[in-house]
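Below is one structure; the comments refer to it alone.
Read the figures in this text as sums done on the coordinates, not as results from a lab. Model, not experiment: these values are computed from the prediction. Neighbour counts are summed over all protein chains in view; Cβ atoms, including those assigned to glycine, are modelled from backbone coordinates with ideal geometry.
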Amino acid sequence: MDQVQTPPQSEENAPAAALLYDFRRTDRIAKDQLRTIHLLHENFTRAMSSSLSAYLRSYVVVNLISVEQLSFLEFTQSLPSPTCLITLGMKPYDGSAILEINPSLVFPIVEGLLGGNLKAPTPLSREITEIEQSVLEGVNRVILNDLRSAWTPVAAIEFSLENQATEPQLLQILAHNEAVVAISIEVRLGDTSGMINLAIPSIVIKMLRQKFDQHRTVRKSQASEDEQERVLKLVREAELHLDVRLPEQHVAVPDLLDLAEGDILMFDCPAARPLELIVNGKPKYAGEVIHVGGRRAIQIA
């Protein structure tokens, strides 16, 4: 009995190769929620810059670097060791966040709080002592107060200090494959700079999904009325510089130097041609010169 031979498949008709799916991979959250979290922590960094400058009595610059979703293992592996790790409670929600302050910031801050000049004498890579942790408690309270205020538009979360550690690899508050939203913040104290990292469990962010939706709805409704009225009040007292200029003309330098009283300059510009009204250095309107009450004015066309 003859066998039926299957014709070879062309590359175009060949079935697509199957892709392996890892059921342990981190569960993603919506991009619009990440954008909202980014905005919240931009406000957080601005507030923290002012608060730390006042608390440390020195100029502090704080910048938001990134907001991204990682696995808890990826987050802990990105941290230096040893470092200053603080476990944060998030009442009334279950779960804990992680706040990490780089040693490159911790030791200069401790130096400044103890009367120094916010500069570590030498680069230090040792563990933070209990005394140094106690000195940092005031800074931690300032940071948590600003963090609590930044999240108020979305949800009333009471961030609180629960525990302190120094080794990222020994943290056991989350499973390695569990997703977290990692917020990276750069802090500059004079010539010294370092990172502050915050990790919030993605499961908590998902529990707040309805809060995020309400936040976006409130922002859209206020932008049309309340926000416009607020912006109008801010710009009402602003001053504008107005100029009316003829179209650009060219005059030779010798002719300009020979000008005397009574001379007449001929411009290659028709009298009916509109003139430009310049607002703060930028052309904005066109119009013609008129006389009003013995003064010259421009009537916008």
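Below, the figures for the structure above:
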item: As computed over segment 31-207, the Cα convex hull volume per residue (Å³); result: 104
item: Cβ-based exposure ranking for Thr76, Thr166, in which fewest neighbours within 10 Å come first; result: Thr166, Thr76
item: Full-extension gain in nm, Ala286 to Lys206, via 0.36 nm per residue minus C-alpha separation; result: 23.4 nm
item: Hz values of 3J(HN,Hα) by residue in segment 74-79 - Karplus curve (6.51, -1.76, 1.60), Gly and Pro given as x; result: 4, 5, 5, 6, 7, 8
item: C-alpha center-to-center spacing [segment 39-53, segment 128-182] in angstrom; result: 16
item: Which listed pairs, of Lys91/Lys211; Lys91/Lys206; Lys233/Lys284; Lys31/Lys91, have C-alpha distances above 19 Å, in listed order; result: Lys233/Lys284; Lys31/Lys91
item: Sorted peptide list for 254-264, 90-100, criterion being average Cβ within 10 angstrom, highest first; result: 90-100, 254-264
